[in-house]
Structures are given as structure tokens and as C-alpha cells.
Amino acid sequence: MTADAAPSPSGFATRLIAWQARDGRQDLPWQKTRDPYRVWLSEIMLQQTQVATVLDYYARFLARFPTVEALAQAALEDVMPLWAGLGYYARARNLHACAQAICARHGGVFPSTASELAELPGIGPSTAAAIAAFCFDERAAILDGNVKRVLARHFAVEGDPAGAAVERHLWSLARDLLPPSACDMPAYTQAVMDLGATLCTRSAPRCPACPVQTTCVAHRDDRVDQLPTPRVRKAVALRHAHMLVLLHAEQVLLQQRPPTGLWGGLLTPPQFDTPAALHAAVTQLTGAPRAAQALPFRRHAFTHFTLEFVPHLVVLPATALHAGDAALCWRSLAHADELAVPAPIRTLLRDLRDLRAQVAAPR
Ligand code: SF4
């Protein structure tokens, strides 16, 4: 970056804090507390997920698990339904493991420093810093995706922000910009988050309203749309799967997936690599070969690949299953919205409810 554009660290922080008090977000439920349990929960939920989506999940989760002890004592199977639909399910498993670690290692009391918090499951350095800044006034810098974008533009930092050298440079900038007074840390941390989320957005940033526009190099040089340097994207792999949708009356057969891996611990229709494997399973489960109706395929994008799956519908005259499997269970389609199922499966089950009106079970 050029020297004439460099703001003094306190100047940057001062302008952001004043702007946040005037124009920033003030009414988010996790802003009204310094309880590290609530702040931690919000930070984990907000990773990869929009505020508007998180609001309902946050309220439901706290109603069911109001304390870290309540979460630690719960079974993971009781936690997953409250996360179903939020995606990135490793977050929920880590959340549960982290609550147990806090109870086991720290007597149910959150550690108060970013370095101790970062040793807990699922808490990275930026999340640790956010909790420490919001709850304990620690002068710890955050560097999530939004803040990387702000700094990369403001200081015209070239290169992929996920690259090690660029990331080190951004961390250094983030630390240099912290306000000198620890008591300003909650306001400053909220301000830099708000700037990235509401003004310095990925597309169509609102520079005229930005409190640091006068020192922003990207704005001065008309390079806002070029920074941060776009990541070179690899071609997204496509995976294929076949799902057995076995219906009887208003019940659907679901299978609990292994605790780790894709959709770990959640319920989905039994999944197969090939139609032949699916038909063999139908015969084994129901005691006879049965026609399966292949429904239109569906797609779901994960971070590193896209899953294309074909639901195969089989309507049973009776629930008599011939092969027992502890992971299999019948669930009511009417209660699809309350099940611990991933978002695309919830959509499928809702569609099946409608389809049931048109499909008559054989007698
Ligand atoms: S002036 Fe524009 S590009 Fe620069 S930090 Fe502000 S919103 Fe981002």
C-alpha cells in the first residue's frame, strides 16, 4: 500500500467506532450480552451463514440449551435436530465437543483469553478473538472473510487472502489497527464486522457511505472490484448418489448416518452408489423385488463438490422389513420439518408429502 493512504491505527478504529454507534447494527440478539456462551454460539452459527438465517436457529438453540452445561450434558442426537438445515454440520459436532471440553477442563467456565479459547474444539483464532474481545475486552484481532475483504481493499493487498503469506500480512494489519484502549474492543470488533457485512460487501460495496473511504486505496485507485484478488477456482467435482425413498402410508424410512463425514449424525434416506445396489437393498429390506420409480435428480452444492442424487420411490403395502438395521427408522412425513435432516432432504420430504396426495399405495 502507499504511505499517503495509511491511516493511523487509532484513526481507523476511531472512525469505525463512531460509524458503528451511528449506523451499525445494534439489535442483534447476541449484541445484548457479554455471556461468552451466547457470543460463542452466535459466532459459530454465523460462520458461513447469513444473519437472517441464524436468528431463528439461535433462539431455538438457546431455548433448548440455555447454558454450556445443558449443552454438554445433552446427547449429540438431541443437538443435531437444532442444527438441521444450517449446513456445515461439523460445526454442531464441534460445538457439542467444545461444551464438553469447557465443562471437563474449565469447570463450565469459558476461558477469558483468545489463546486459551483457541485451544478448544471448533474455535479458530478469529472466533477466539471475537469472544475475547466482546466478552473480556481483550485486544485481540479478528480476521474472518469479511474483515479480510475490508483490509485487502483498504490497503490494496494483492494476492489470494487464503494464501499463507497474504494471510500473515492481513493478520499483521488487523493487529496494528486495534484501538489502543481495551474498553473500545467490543465496539471496534462489532464495527469492523458490520463494515464487511453491510457496506464493504463482496458485490456492490457502498463506498460513499463508508467511514474509512478517505483512506481506502482500492477506492482511491478505482480498484474496488479487483480486490481482494479472486481465488483461482478449481473445477467443482460432481458426485452421484441414489437414495431409496421407501414409503408406507405417511411414513418414510430414514437412516442415521455415521457420526462423522458427509451429513454426519443426520437422518437421510438410505443412500447407494448405483441403482443396482439400491434395488438389491429393496429386495433385502422388503422380502421381494419391487418396482422403484426414479424421480427427477436433485443437486446440492457442498464446498468442494456438488452432489447429484436421484430419489427412487417405492411405496410399500406394509411396514414389514425383512432386514433389521439399528440405523433405520420410520418417520412421519407430516413431521418432516422437525427431523434432524439436511436441507436438501427436508425439501425432498416436503415434496413427498405433496406427492403422497397423488400416489396411491398398492393393496
Ligand atoms: S471505501 Fe469501499 S472498498 Fe474501501 S473499505 Fe470502504 S466500502 Fe470497502
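Report for the chain the percent antiparallel among DSSP-assigned beta bridges with both residues inside it, nearest 5.
Numbers: 17 of 28 bridges.
The answer is about 60 percent antiparallel.
Specify which residue in the list HIS300, CYS216, GLN31 is farthest towards the positive end of the charge dipole of the chain, using unit charges on the beta carbon of Lys, Arg (+1) and Asp, Glu (-1), about the Cα centre. The one lying farthest along the dipole's positive direction is HIS300.
Once the 1.4 Å probe is applied to the protein heavy atoms, the chain comes out at 48 Å² accessible per residue. Its DSSP H runs of at least 4 residues, each contributing -39,500 (n - 2.57), put the calculated 222 nm mean residue ellipticity of the chain at -12500 deg cm²/dmol, to the nearest 500.
For the range 237-356, what is the percent of antiparallel DSSP beta bridges, rounded to the nearest 5?
Values: 17 of 28 bridges.
If we restrict to bridges inside the range 237-356, about 60 percent are antiparallel.
Extension gain, ASP354-GLN226: 0.36 nm per intervening residue step, less the Cα-Cα distance, totals 41.4 nm. Dividing the mean sequence gap of close Cα pairs (under 8 Å, 6+ apart) by how many residues the chain holds gives a relative contact order of 17 percent.
Normalising the Debye intensity of the range 91-232 to I(0), with uniform scatterers on Cα atoms only, and taking log10 at q = 0.14 Å⁻¹ returns -0.71. In percent, rounded to a whole number, the relative contact order of the range 237-356 is 34, using alpha-carbon pairs under 8 Å and six or more apart. Per atom type, the range 237-356 shows carbon and sulfur on 56% of its accessible surface, probed at 1.4 Å. Rounded to the nearest 0.05, the FRET efficiency derived from the C-beta distance between ALA162 and VAL51 at R0 = 22 Å is 0.45. Where Rh is the Kirkwood radius over the Cα pairs of the chain, the temperature 10 °C and the viscosity 1.306 mPa s, what D in µm²/s does Stokes-Einstein return? Translational D for this selection: 69 µm²/s. Across the range 12-73, the convex hull enclosing all Cα atoms gives 106 Å³ per residue.
Here the accessible area of the range 3-226 is 52 percent carbon and sulfur, with a 1.4 angstrom probe and all protein chains present.
The values are calculated or read from the model by the stated rules, or taken from the named source; none is laboratory data. Fair warning: this is a prediction, and the values are worked out from it, not measured in the lab. When we count neighbours, we look across all protein chains shown, and the Cβ atoms used for this are built from the backbone with ideal geometry, even at glycine. Heads up: the accessible areas ignore ligands, DNA and RNA and are worked out on the full protein's heavy atoms, side chains in. Shrake-Rupley method; radii C 1.70, N 1.55, O 1.52, S 1.80 Å.
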